[in-house]
Amino acid sequence: MVHMHSMASREIRIYPDPVLRNKTARVEKIDSSLDRLIEDMIVTMHAAPGVGLAANQVGVALQLAVIDLSSRENEEQRHPLLVIINPEILSAEGSVTEEEGCLSIPDYAEKVKRAARIKVRAQDRTGKFFEVDAEGLLAKALQHEIDHLNGVLFVDRLSPLKKNIFKRRYKKMKAE
Ligand SMILES: [Zn+2]
């Protein structure tokens with residue numbers, strides 16, 4: 001007998017939902033329910049559409065994120081869809097300041113300073129450990145998603161002045 005799971009889009013939690021502030025727990029068991037969550041997260045990310053999604057953005061406080069940059073890259077330099085479980089930044093160098101947005105903070109984008117190059121170790125969806133050396137868009141996406149897993153949002157990395165502007169704009173957006 002074949003059990004079919006129809007992939008489902010999950011609700012994306014929006015700032016200031018407290019689940020976005022929780023530090024997520026390590027994934028200890030890679031099983032079929034985790035695989036279902038990964039499938040749902042991929043569907044949710046594509047439907048949004050977005051280039052990355054962390055598990056706590058759909059209300060699950062686990063160290064898991066998906067990244068798909070293919071819509072932003074040329075065919076020659078396209079990265080495959082990435083599933084990262086229990087990721088860890090091993091090293092970070094340089095710095096770049098580029099615009100970021102977040103599916104949990106709709107209609108807002110601002111420049112954020114990040115490391116230019118990073119090395120990340122994580123597990124894939126089969127549980128196998130791998131390392132990735134990233135720069136450019138991938139480095140930015142990895143840092144953004146790993147921040148999520150630590151309860152950190154990109155607006156936390158803004159200067160105090162820009163943070164204030166964000167808070168005022170956000171209050172206005174909520175009132176509309
Ligand atoms: Zn985000």
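The values are calculated or read from the model by the stated rules, or taken from the named source; none is laboratory data. Values in this document were obtained by computation on a predicted structure and should not be read as measured data. Cβ sites come from the backbone with ideal geometry, for glycine too, and all protein chains shown count toward neighbours. Calculation scope for accessible area: heavy atoms of the full protein, side chains included, ligands and nucleic acids excluded. Shrake-Rupley method; radii C 1.70, N 1.55, O 1.52, S 1.80 Å.
For segment 40-116, the per residue solvent-accessible surface stands at 46 Å², with DNA, RNA and ligands left out and a 1.4 Å probe. Taken about its Cα centre, the chain carries a charge dipole of roughly 920 debye when the Cβ of each Lys and Arg holds +1 and the Cβ of each Asp and Glu holds -1.
Solvent-accessible area of Y15, all protein chains in place: 40 Å² (probe radius 1.4 Å, heavy atoms, ligands and nucleic acids excluded).
Residue ranking by accessible heavy-atom surface, 1.4 Å probe, largest first, among M173, M45 comes out as M173, M45. For segment 68-176, with all protein chains present and a 1.4 Å probe, just round the carbon and sulfur fraction of the accessible area to a whole percent. The computed percentage sits at 47.
How much of T126 can a 1.4 Å solvent probe reach, expressed as accessible area in Å² and rounded to 10? Near enough 110 Å² of accessible area.
To the nearest ten degrees, helix 160-175 and the longest principal axis of the Cα atoms of the chain are 80 degrees apart.
Measuring against 25 Å, Cα to Cα, the residue pairs K140/K174; K29/K140; K23/K163; K29/K111 contain K140/K174; K29/K140; K29/K111 as the ones spanning a longer distance. In the elastic network of the chain, a GNM with C-alpha springs shorter than 10 Å, the most mobile of I85, I146, I30 is I30.
Only helices enter this figure: runs of n ≥ 4 DSSP H residues, each worth -39500 (n - 2.57), summed and divided by the residues of the chain, yield -8500 deg cm²/dmol at 222 nm to the nearest 500. Mean-square fluctuation check for the chain, GNM, Cα pairs under 10 Å: which of L69, L90, L82 is largest? Comparing L69, L90, L82 in a Gaussian network model of the chain, the most mobile one is L90. With one equal scatterer per alpha carbon and no solvent term, the Debye-computed log10 I(q)/I(0) for the chain at 0.08, 0.09 1/Å reads -0.25, -0.31. Taking every DSSP beta bridge that has both ends in the chain, the antiparallel portion is near 95%.
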